[in-house]
Structures are given as C-alpha cells and as structure tokens.
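The values are calculated or read from the model by the stated rules, or taken from the named source; none is laboratory data. Here the structure is a predicted model, which means the values were calculated and not measured. Using ideal geometry, Cβ is built from the backbone for each residue, glycine included, and neighbour counts are taken over all protein chains shown. What goes into the accessible areas is simple: the full protein's heavy atoms, side chains included, and nothing from ligands, DNA or RNA. Shrake-Rupley method; radii C 1.70, N 1.55, O 1.52, S 1.80 Å.
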Amino acid sequence: MSRSRRPMPAPTPPPAAPLPAELLGGPAPFFERLRAVAPLPWRYVGPPLLAALLAGVVYALLLRPVVGATAEGAGAFAAHAINVFGTLFLTVLLAGSMAGLGWLGAGREGRAPEVYGATFAVLPPLYLALAALLLVWPQPEWPAFLLASDALERQQGTLQAVMRWPLARVAVLLLLLAPLAQFALAYRGFLILTGDRRRALLGTLLPLLPALGLTALGLAPLLGALF
C-alpha cells in the first residue's frame, strides 16, 4: 500500500506594513508592526506630499486678504499659486531634513525616512480643519484706509490686520506647534525600532531646530506682522 502524502502547508505571507493613518490609532502598535517588515525608505512618501499641499492651501487662505488688497485677476491667481507652492516646497524640504538628520542620529535601525514620513499623517486632518474654518468663518472688515495706500503699505497694513484676527493667530500657532507632535511620535518610533534611548533622542533632537527654523521661515511674513 502506498502511503498517502500529507499536503504541504501553505507558505505564510510576509507581514504587511501598517498604513500611515494607523499611526493615529496609537504609535506603539504602529511601530511594532513596522519593525516586523523590511525597511523601505520611500514607503511613506505620500503623507509628506499631502501635508505639504494642504499646508500651502492653508497659507494661501491666510494671505487671501493680502492678495485681495494688492493684486487682481491673473496677478492675484499667480500670488495664490506662489503662496501654495512656496509652502509646499518648504514642507518637502522640511521632510527631507527631518529624514536625513534623523538618520544621522538614530542610525540605520532607526529607519528615519519611514518614521518621519509616517508622522506627517497627523497633519492632514489638522490642515483640512483649518482650511475649512478659514473658508467659512466670517472675516473681519479690513481697515478702509488700506485701499488708499500704495501697494507696499496696503500689503503691510493688511498683514497686520490679518494677524489681529483671532482665527489667523490660532492657525499660525497650530502651524508652528504641529512639528512638535511629529517629534514626540518620532521619538517613540525610534525607541521601539532601535531599543536605544540615546539614539532615539539623537534622531529626535538633531532635526528639531532646523525643522522649527524652516517652519518659522515659511510663516515669516505673518510672524513679522505680529511685531
């Protein structure tokens, strides 16, 4: 009698990388799952690009009264486009600096491009909420004397008027503080991936000041109007 052959067990599929949005459900489970998959530096390139585009939209909405007071027609469209893509460029540069300096601090095991790329997933909900508020919230009446001034005076005066608007101040404050939430999440990720507190701190602290500097640079016209 021939012996019956036992069926070969089906190969176990490799674990799947967590989706960026899953980071919002909790950093510890997210980074534990990420540790189980092979490194892929460009795995989370989508969240920084989406956050960069939405940041540009929020910045353009903040400066909408300034553009309206200083430009018309094609000039106004060009000004809005410059505001959007200028902020987009700075945000992409910010993401690159966070990934590069984080890699220097946390080392190869820290997988900084993936860690920081994933942390950008926390920003789109914030930026979407700010954009919606800036679109629907009633704007204050801008000072009438700005209409009689020259272009430079209208620009400076409207910027100062915008920054006296409470919603604009809240929006600028949130844009400044948003990277701090990313760094808190990144530290947790580096600690789980490397198991080394020193490398986790270096991966978090090395990009911190450059990131805050780039964020402040992007908001410089609005911040300057506060003083």
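What's the magnitude of the charge dipole for the chain around its Cα centre, counting Lys and Arg as +1 and Asp and Glu as -1 at the beta-carbon? Answer in Debye, nearest 20.
About 1300 debye.
Compute a Gaussian network model of the chain, connecting alpha carbons closer than 10 Å, and tell me which residue from Leu24, Leu49, Leu193 fluctuates the most.
Judging by the Gaussian network model, the answer is Leu24.
Rounded to the nearest percent, how much of the accessible area of the chain (1.4 Å probe, protein heavy atoms only) is carbon and sulfur? Don't skip to the answer; put the middle values down first.
Working: 8770 of 12550 Å².
Ligands and nucleic acids excluded, carbon and sulfur give 70 percent.
May I ask you to rank Glu114, Glu141, Glu22 by accessible area, largest first, using a 1.4 Å probe over the protein chains only?
Values: Glu114 5, Glu141 180, Glu22 70 Å².
Descending accessible area places them as Glu141, Glu22, Glu114.
Quick one, can you get me the convex hull of the C-alpha atoms of the chain expressed as volume per residue in Å³? If you can, show how the numbers build up before the last one.
Working: hull volume 36.5 nm³, N = 227.
Spread over its residues, the Cα hull of the chain gives 161 Å³ apiece.
Find how much the distance from Phe85 to Ala220 grows on full extension, using 0.36 nm per residue of separation minus their present alpha carbon separation; answer in nm with one decimal. All intermediate terms of the calculation are to be shown ahead of the outcome.
Details: separation 135, 0.36 × 135 = 48.60 nm, distance 1.57 nm.
Difference between extended and current length: 47.0 nm.
Return the single residue from Gly195, Gly105, Gly25 with maximal mean-square fluctuation; model: Gaussian network over the chain, springs between Cα atoms under 10 Å.
Comparing Gly195, Gly105, Gly25 in the GNM, the peak value goes to Gly25.
Along segment 104-111, what does the Karplus equation 6.51 cos²θ - 1.76 cosθ + 1.60 (θ = phi - 60°) give for ³J(HN,Hα), rounded to whole Hz, x for Gly and Pro?
Those phi angles translate into 4, x, 8, x, 4, 5, x, 6 Hz.
With bins 5 Å wide starting at 0, give me the P(r) of segment 40-100 over every alpha carbon pair, in whole percents.
Taking every Cα pair in segment 40-100, the percentages come to 4, 20, 23, 18, 13, 10, 7, 4, 1, 0.
At 0.36 nm per residue, and after removing the present C-alpha to C-alpha distance, how many nm does the segment from Ala16 to Asp196 gain when stretched out fully?
Details: separation 180, 0.36 × 180 = 64.80 nm, distance 2.48 nm.
Taking 0.36 nm per residue and subtracting the Cα distance, the gain is 62.3 nm.
Which residue, Ala74, Ala131, Ala52, has the most motion in a Gaussian network model of the chain that connects Cα atoms within less than 10 Å?
In the Gaussian network model the winner is Ala74.
Could you please report the charge total around Pro29, scoring K, R as +1 and D, E as -1 over all other residues with beta-carbon less than 13 angstrom from its beta-carbon?
Numbers: positive: Arg33, Arg35, Arg188; negative: Glu22, Glu32.
Net of charged neighbours comes to +1.
So between Glu141 and Trp42, what do we pick up on full extension, going 0.36 nm a residue minus the alpha carbon distance?
On the way: separation 99, 0.36 × 99 = 35.64 nm, distance 4.61 nm.
Full extension from Glu141 to Trp42 adds 31.0 nm.
Per residue, how large is the accessible surface of the chain? Use a 1.4 angstrom probe and give square angstrom. Numbers along the way, then the final one.
Numbers: 12550 Å² over 227 residues.
That works out to 55 Å² per residue.
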